[in-house]
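The structure appears below as structure tokens.
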Amino acid sequence: YWATRYEFIGKDKADCEDYVIAKYFTLKELGVPPSKLFMTYAKSIRYKTAHLVLTYYETSRSVPLVLDNYNYKILPASKRNDLIPIYSFSGDELFNAKQAQIGKMVPASTRQKRSWNELVITRSKE
């Protein structure tokens, strides 16, 4: 289950996906272009588990900054040796692909895509 920002704040606890979604929508609302924000699925070496972080690219050739709930310092990806990136995707691209019936852009189940769409719809009503 992916929580909205209000659910996340109200519960005062969340998993990595909830943190990424809250950061993504907050930064987007503050004027950060969505084309610079990517949700990055990674493997956490320290915790030996799958993990999701938000990455910010100043330019398409920049080393991204990693916004993470495991490490509250915003560091360039080159300094995050504790994460192995698997793939990244833009929230808007995922949503737009679903709307345009383009097909799978990332290996996500239908349930995950439906959850993303529900967040976008809920966000537009906030």
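Values in this text are rule-based calculations from the coordinates and carry no lab data. All values derive from a computational prediction rather than experimental measurement. Every residue, glycine as well, gets a Cβ built from its backbone with ideal geometry; the counts of neighbours run over all protein chains shown.
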(request) Output ³J(HN,Hα) for the range 21-33: one whole-Hz value per residue in order, computed from phi by the Karplus curve 6.51 cos²θ - 1.76 cosθ + 1.60 with θ = phi - 60°, and x for Gly and Pro. (result) 5, 4, 5, 4, 5, 5, 5, 4, 5, 7, x, 6, x
(request) Please give the net charge around residue 42, taking every other residue with its beta carbon less than 11 angstrom from that of residue 42, where Lys and Arg add +1 and Asp and Glu add -1. (result) 0
(message) Through the Karplus equation 6.51 cos²θ - 1.76 cosθ + 1.60, θ set to phi - 60°, convert the phi angles of the range 47-60 into ³J(HN,Hα) values in whole Hz; use x for Gly and Pro.
(response) 9, 6, 8, 6, 8, 10, 10, 9, 10, 10, 10, 4, 10, 5
(request) Just flag the GluC sites (Glu not before Pro) in the range 1-92 sitting in loop per DSSP whose Cβ has no more than 12 other Cβ atoms within 10 Å. (result) 58
(request) Select from the range 7-59 those chymotrypsin sites (Phe, Trp or Tyr not before Pro) which occupy a DSSP coil region and have at most 13 other Cβ atoms within 10 Å, ordered by residue number. (result) 47
(request) Between beta-carbons, use under 13 Å as the cut-off and find the net charge around residue 65, counting Lys and Arg +1, Asp and Glu -1. (result) +3
(request) Go through 43/79; 28/48; 28/79; 36/79; 23/73 and tell me which ones have a Cα-Cα distance over 23 Å in this structure. (result) 28/48; 28/79
(message) Give me, ordered by chain and number, the residues 5 or more places off residue 45 or on other chains with an amide H under 5 Å from its own placed amide H.
(response) 83, 84
